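Have a look at the structure below, then the notes.
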Amino acid sequence: MKQFLQKIFNSFPKHFNRNALFHYFIISFLLSVTHNSYAQTATASTKQKEYVIGDWVPVDLFVSATSNNKVVFPNLKDSISETIEVANFTPVDTVKKAGQYEYHQLVNLIVFDTGQIQLPQFQFLVNNNGKLDTIISDPILVHVAGVKIDTTKDIKDIKEPLKIPLTFQEILPYIIGAFILAILAGLITWFIMERKKKKQPIDEKFLLPPHVWALKELDKLQQQKLWQTGEVKDYYSRLTDIARTYIELRYKIPAMEKTTDELMSSMHKGMVKQSLKKELNEVLVLSDFVKFAKAQPDFIENENSFKIIKDFIDKTKQLEEENKTTDKISPKN
C-alpha cells in the first residue's frame with residue numbers, strides 16, 4: 001500500500017512538497033479507517049452490581065451509530081434462560097447528538113438464582129450502507145443474594161386478603177339479575193299451572209246437579225254387570241262410592257272419609273227420613289261385609305241394594321224449586 005501511494009505522489013510536479021503531502025495522505029487514510037471502525041458501538045450496563053433474588057435487574061442497552069446506519073435491537077422473549085426471565089422492556093428511544101445517533105432501550109430482567117450471575121450478551125444488527133454488521137455487547141456480571149430469613153422470630157401465617165366493603169353500584173347488577181330471574185320463574189310457574197289446568201278437564205260431578213250425576217253413574221254400573229260376572233266386591237265398592245259422593249255433593253258432608261257409623265251420625269234427624277236412612281245404612285253395612293269379610297250376598301240382595309240407593313237419590317234430590325227457595329231465604333252479603 002505504501003509503495004502504491006509513493007508512486008502516486010512521485011507523479012506530482014517537483015515544486016510540491018512530496019514528502020509532506022505523502023504523510024498527510026497516510027494520516028488521512030488512517031483516520032478514515034479508524035473512524036469507520038468506530039462508526040457504531042454497543043454496550044449493555046446496569047446501575048448496580050448487587051440484587052436480591054426476584055428483584056428486577058434493569059439493563060440499559062445503548063448503541064451509537066451514524067445517520068446512515070439502521071440499527072436493529074435484539075428480539076426479546078419472555079425467557080432468556082432457565083433462571084433469567086424478561087419482565088418488560090421499553091421502546092427504543094433515539095437521540096441525535098453531534099452527528100451521531102444514540103439508541104437507548106431499558107430491559108428489566110428477573111433472576112431466579114443466587115450467587116455470581118452472568119447476564120446474557122445482547123446482539124445488535126447494523127445496516128452500514130448495505131452491509132449488515134453484527135455488534136455484541138460485553139457480558140455483565142452481577143451478584144444476586146437470597147432473601148434473608150430471621151430464624152430468631154416465629155413463623156407467621158400469611159395475611160388474609162383485605163376485606164373491602166361492597167358498594168351499591170357493585171351489588172346493583174346482582175339485584176337486577178335476581179329480580180329478572182324471579183320474574184322468569186314466576187312466568188314459567190304460571191305457564192305450567194295454566195297448561196295443567198287446560199289438560200285436566202273439570203270432573204262432570206262438579207258440573208251437573210248431584211242427583212243427575214249419581215243417576216248417570218248408576219246406569220253405567222248397571223250396564224257393566226259386575227256382580228253377574230262374579231265381581232261382587234267391585235260392584236258394592238262402586239255402588240257405595242256413588243252413594244257417598246252423592247251425599248257429599250248434596251249435603252256437604254265428607255262422606256268418603258267417614259265410616260258407616262260416622263256417616264249415619266252425621267245425617268241428623270230432619271235431614272233425611274229415618275226410613276231412607278235405615279235402608280241406606282243396611283246397604284252400607286252389607287257393602288262393608290262384602291269388602292272386608294268376603295261376604296257373598298245372593299242376587300236378590302244385589303238387586304235390592306241397587307234399588308235402595310237409586311230410591312234414596314230419587315227421594316232426596318234437590319229440585320229447582322228448592323234451589324230457588326233456598327236462594328231467596330239465604331241472607332245477602
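Every number in this text was worked out from the coordinates using simple rules, so none of it is lab data. Not measured: the values here are computed from a predicted model. FYI the Cβ positions are ideal-geometry reconstructions off the backbone, even for glycines, and counts take in every protein chain you see.
Summary of values
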| read-out | value |
| --- | --- |
| Matching residues, segment 219-273, being surrounded by 15 or more Cβ atoms within 10 Å (Cβ to Cβ) and of a type in the set (Lys, Arg) | LYS233, ARG238, ARG244, ARG250, LYS258 |
| Qualifying positions in segment 290-319 - closer than 15 Å to VAL232 by Cβ, basic (Lys, Arg) and loosely packed, with under 15 Cβ neighbours inside 10 Å | LYS294 |
| Those residues of segment 225-260 which are closer than 21 Å to ASN304 by Cα, charged (D, E, K, R) and in a helix (DSSP H, G or I), in sequence order | LYS233, ASP234, ARG238, ASP241, ARG244 |
